[in-house]
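**Q** Questions regarding the structure given below will be posed in turn.
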Amino acid sequence: MRPLEPAQAAGSDGQPLAPSKRDISNAVPPPPSLHARLKLETAEAHQRVEHAFDLAAATSRRDAYASMLAMMHNIYCGIRNELHRLSGNGAYDVARYARLQIDRLEKDLRALTVVNRDYRALSFALGHADETIGCEYVMRGSALGGKLIFKMAADNLGVTELDGGQFFHGDGRATKSQWSIYSAKLNRLPADNARFDRIICGAVKTFGHFEAALSLRNQSPSVSSGLMQDDNHATNPCA
Ligand code: HEM
């Protein structure tokens, strides 16, 4: 008696599939990388921030540009404070990046001769140390759009890297390569769904922090330096 043939996958014509096709049809797709998840799951939040940013208005006049930088300053100060609060939990390097961005913003504001601004830190809260990784993703990723913003500001307002444009110029030509290095670092984190969910939650919260502040600036152009406190966390985006 002949031994039983193992079951074979069949094509649409009922014929057994060639081995290569059978391998493909049985293959389980790999789970998306952390970076792929972050990009996909924050795409809408990015769109909302981009809308709130209002690039055309922000680069139409020097005072509007300075006002937007002052708001960015206050947004980043809120982030830095929260990262300091969590710095015992591995957020130290992320806080250092926030401080670098604040330094750049302060240099730009000085170059634009913005004085006597009512600088303050806009309230920002994260719930877990893992969320700081999502926060870092948003801060570092914004450098990609920053290249475009720098070009608009340079074309429309004449700012340069050393004269009012340091924050958006960022790492200049190295931006893309720095981003690739950072993306690879994200993707080396050991797979852990619960942790990845918390990281994404941190990114969503951070986008929300930017959106709330930038929208406020649009509602009232005179509000350039943070008259709001503790009013952007009424809802928990990760609940
Ligand atoms: C007018 C304002 C903005 C524009 C036009 C803009 C545009 C862009 C563009 C074109 C990219 C993709 C670049 C590439 O793949 O080469 C990008 C990426 C990104 N932007 Fe923005 N952006 C803006 C503001 C912001 C702000 C304020 C934030 C942060 C709050 C932000 C966060 C990000 C992040 C995290 C990425 C990386 C996405 C990924 O590849 O994972 N963007 N942006």
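The values are calculated or read from the model by the stated rules, or taken from the named source; none is laboratory data. Since this is a predicted model, take the numbers as computed values, not measurements. Positions of Cβ are generated from backbone atoms using ideal geometry, with glycine treated the same way; all protein chains shown enter the neighbour counts.
**Q** Tyr137 - would you say it is surrounded by 20 or more Cβ atoms within 10 Å (Cβ to Cβ) and among the hydroxyl-bearing types (Ser, Thr, Tyr)?
**A** On the way: surrounded by 20 or more Cβ atoms within 10 Å (Cβ to Cβ): yes; among the hydroxyl-bearing types (Ser, Thr, Tyr): yes.
Answer is yes for this residue.
**Q** May I ask you to list the residues in the stretch 182-218 that are small (Gly, Ala, Ser) and touching a Ser or Thr at 6+ places or on another chain (Cβ under 8 Å)?
**A** Keep residues of the stretch 182-218 that are small (Gly, Ala, Ser), which gives 183-184, 191, 194, 202-203, 208, 212-213, 215.
Listed by number, the residues that qualify are Gly202, Ala203.
**Q** Of everything in the stretch 124-139, what is modelled with pLDDT of 95 or more, of a type in the set (A, V, I, L, M) and more than 8 Å from the ligand (Cβ to nearest atom)? Give them in sequence order.
**A** Passing the criteria: Ala125, Leu126, Ile133.
**Q** Is it fair to say Ala121 is away from the ligand (no atom under 16 Å from the Cβ), under 15 Å from Cys77 (Cα atoms) and at pLDDT 95 or above? Outline the logic, then answer.
**A** Values: away from the ligand (no atom under 16 Å from the Cβ): yes; under 15 Å from Cys77 (Cα atoms): yes; at pLDDT 95 or above: no.
Criteria not met by Ala121.
**Q** Going by what's in this entry, would Ala143 be described as under 14 Å from the mean Cα position of the chain (by Cα) and touching a residue at least 24 places away in the same chain (Cβ under 8 Å)? Lay out the reasoning, then the answer.
**A** Details: under 14 Å from the mean Cα position of the chain (by Cα): yes; touching a residue at least 24 places away in the same chain (Cβ under 8 Å): yes.
Yes, satisfied.
**Q** Let me ask another. Does the stretch 140-161 hold any residues that are within 10 Å of the ligand (Cβ to nearest atom), of a type in the set (A, V, I, L, M, F, W, C) and either surrounded by fewer than 19 Cβ atoms within 10 Å (Cβ to Cβ) or not in a helix (DSSP H, G or I) (or both), and which are they?
**A** Our first condition is that a residue be within 10 Å of the ligand (Cβ to nearest atom); within the stretch 140-161, this holds for 140-149, 152.
Pick out the ones that are also of a type in the set (A, V, I, L, M, F, W, C) and you get 143-144, 148-149, 152.
Hits for the stretch 140-161 are Leu144, Leu148, Met152.
**Q** Taking the condition among the β-branched types (Val, Ile, Thr), under 27 Å from Arg85 (Cβ atoms) and modelled with pLDDT of 95 or more, does Val204 pass? Steps first, please.
**A** On the way: among the β-branched types (Val, Ile, Thr): yes; under 27 Å from Arg85 (Cβ atoms): yes; modelled with pLDDT of 95 or more: yes.
Yes: the conditions hold for Val204.
**Q** Just the residues that are more than 13 Å from the ligand (Cβ to nearest atom) and either in a helix (DSSP H, G or I) or aromatic (Phe, Trp, Tyr) (or both), please, taken from the stretch 162-172.
**A** So the first thing to find is which residues in the stretch 162-172 are more than 13 Å from the ligand (Cβ to nearest atom), and the list is 162-166, 169, 171-172.
Result: Gln166, His169, Gly172.
**Q** Still on this structure: What residue, among those in the stretch 175-206 that are closer than 16 Å to Ser142 by Cβ and not polar (S, T, N, Q), is surrounded by the fewest Cβ atoms within 10 Å (Cβ to Cβ)?
**A** Top of the filtered list is Lys176.
**Q** Check Leu126 against each of (1) under 25 Å from Thr42 (Cβ atoms); (2) not in a loop (DSSP other than H, G, I, E, B) and name the one condition it does not meet.
**A** With (1) under 25 Å from Thr42 (Cβ atoms); (2) not in a loop (DSSP other than H, G, I, E, B) applied to Leu126, the lone miss is (2).
**Q** Look at Arg104 and say whether it is basic (Lys, Arg) and not in a helix (DSSP H, G or I).
**A** On the way: basic (Lys, Arg): yes; not in a helix (DSSP H, G or I): no.
Answer is no for this residue.
**Q** In the list Gly14, Gly78, which residue meets the criterion of being at pLDDT below 90 and of a type in the set (Gly, Ala, Ser)?
**A** Values: Gly78 fails: at pLDDT below 90.
Only one candidate qualifies: Gly14.
**Q** Would you be able to say whether some residue in the stretch 36-48 is among the β-branched types (Val, Ile, Thr), buried (at least 22 other Cβ atoms within 10 Å of the Cβ) and modelled with pLDDT of 95 or more?
**A** The initial filter retains those residues of the stretch 36-48 that are among the β-branched types (Val, Ile, Thr), namely 42.
Narrowing the set further to residues that are buried (at least 22 other Cβ atoms within 10 Å of the Cβ) leaves none.
Taking every residue of the stretch 36-48 in turn, none turns out to be among the β-branched types (Val, Ile, Thr), buried (at least 22 other Cβ atoms within 10 Å of the Cβ) and modelled with pLDDT of 95 or more.
**Q** Tell me whether the stretch 86-94 contains one or more residues that are aliphatic (A, V, I, L, M) and modelled with pLDDT of 95 or more. Before you say what the answer is, go through the steps one by one.
**A** Filtering the stretch 86-94 down to residues aliphatic (A, V, I, L, M) leaves 86, 91, 94.
Then drop every residue that is not modelled with pLDDT of 95 or more, which leaves none.
Checked the stretch 86-94: no residue is aliphatic (A, V, I, L, M) and modelled with pLDDT of 95 or more.
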